[in-house]
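One structure below.
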Amino acid sequence: YIADKPYGINTHPDRANREDTLGNRLSTTFGKDFALRIVTRLDKTTSGLVLGAFDAVTAERLNDMQLRHSIVKQYVAVVCGNVQPDQGRIDLPLLRVDEQNKTICDPSGKPSATEYTTLNYSPETDTTVVRLTPETGRTHQLRAHMAAIGCPILGDVLYGGRSADRIYLHCARLTFAHPFTDKMVDVKSVPDEALFD
């Protein structure tokens, strides 16, 4: 299954919030025998598409595909500043440094790469809408990579972004081969916020 997670809710229940999470909402939809098996988890501060499995065998196959980077994820973000050039690849190793999972670009970190394409620059707000495609799946990869090129995500104060009502990062597309039929699956999600347009 693929769910569209709203901004501001956790994927999994935790000590701080056991009630209103994506897991709880899916359990309400699918019934008491539902077991949460998330393959492409999103942070609380990221909205958009989440891929999961109804059974352990499917979850194992999807997790293996995830490890082989054969599940393509595309994000839309609003970032501070005017991103130049219009297309590029950020190839900077990332290292997690603290309990907030903050990640920095550091030569001793793990190899990490992100492709980006600019979609729209607004001189009035000095922000750029970008499409981001991570080639790897590091913690806070997109947030750290955009900050590293001087264009942190709007609302992402942890990485130097301007304060806003949310972090403007949304998983807008998942593309992968079905783990049993090999038929291509391509699902898109449009964020609600007009600023993403």
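The values are calculated or read from the model by the stated rules, or taken from the named source; none is laboratory data. Keep in mind it's a predicted model, so treat the numbers as computed, not measured. FYI the Cβ positions are ideal-geometry reconstructions off the backbone, even for glycines, and counts take in every protein chain you see. Quick note on the areas: whole protein, heavy atoms, side chains included, nothing else; ligands and nucleic acids left out. Shrake-Rupley method; radii C 1.70, N 1.55, O 1.52, S 1.80 Å.
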Discussion item. Tell me the carbon and sulfur percent of the accessible area for the stretch 78-195, rounded to whole percent, probe radius 1.4 Å.
Written reply: 50 percent
Worksheet, complete the sentence: re the stretch 88-181: pairs of Cα atoms spaced beyond 21 Å account for a percent value of 35 percent
Practice prompt. Could you tell me how many degrees, from 0 to 90 and to the nearest 10, lie between the Cα long axis of helix 56-67 and the main elongation axis, the longest principal axis, of the Cα atoms of the chain?
Written response: 20 degrees
Discussion item. Run the paramagnetic zone check for Asp20: 7 angstrom along Cα to Cβ, then residues of the stretch 153-167 with backbone nitrogen under 16 Å.
Written reply: 166
Item to complete: Would you compute, from DSSP H runs of 4+ residues alone, the mean residue ellipticity of the chain at 222 nm, taking -39500 (n - 2.57) per run and dividing by the full residue count, rounded to the nearest 500?
Response: -4500 deg cm²/dmol
Worksheet entry | Dipole-positive endmost among Ala56, Val76, Pro111 within the stretch 1-153 (Cβ charges, Cα centre) | Ala56
Worksheet item: Counting only heavy atoms of protein chains, what accessible area per residue, in Å², does the stretch 25-119 have with a probe of 1.4 Å?
Response: 56 Å²
Worksheet item: Dipole size in debye (nearest 20) for the stretch 35-102 around its Cα centre, Lys and Arg Cβ +1, Asp and Glu Cβ -1?
Response: 60 debye
Item to complete: Please report, in debye to the nearest 20, how large the charge dipole of the stretch 90-197 is about its Cα centre when each Lys and Arg carries +1 at its beta carbon and each Asp and Glu carries -1 there.
Response: 260 debye
Worksheet, complete the sentence: Env charge @ Arg89, Cβ radius under 14 Å, K,R +1 / D,E -1, value -3
Worksheet item: Considering lysine pairs in the chain that are 8 or more places apart or on different chains, how many have Cα atoms under 29 Å apart?
Response: 19
Response to the item:
Relative contact order of the chain (C-alpha contacts under 8 Å, at least 6 apart) in percent is 20 percent
Discussion item. Using the alpha carbons of the stretch 39-124, what is the convex hull volume per residue in cubic angstrom, as a whole number?
Written reply: 154 Å³
Worksheet item: Can you give the convex hull volume of the alpha carbon atoms of the chain per residue, in Å³?
Response: 129 Å³
Discussion item. What is the distance in Å between the Cα centroid of the stretch 94-130 and that of the stretch 132-151?
Written reply: 3 Å
Worksheet item: Hey, got the dipole for the chain? About the Cα centre, +1 on K and R Cβ, -1 on D and E Cβ, debye to the nearest 20?
Response: 420 debye
Item to complete: Pick out, from Gly161, Thr139, Asn120, the residue whose Cα sits farthest towards the positive end of the charge dipole of the stretch 110-169, with +1 on the Cβ of Lys and Arg and -1 on the Cβ of Asp and Glu.
Response: Thr139
Item to complete: Please label the shape of the stretch 117-160 as rounded, prolate or oblate, based on the square roots a ≥ b ≥ c of the eigenvalues of the alpha-carbon gyration tensor (a/c under 1.5 means rounded; beyond that, a/b larger than b/c means prolate, else oblate).
Response: oblate
Item to complete: Divide the volume of the convex hull of the Cα atoms of the stretch 1-93 by its number of residues and quote the answer in cubic angstrom per residue.
Response: 144 Å³
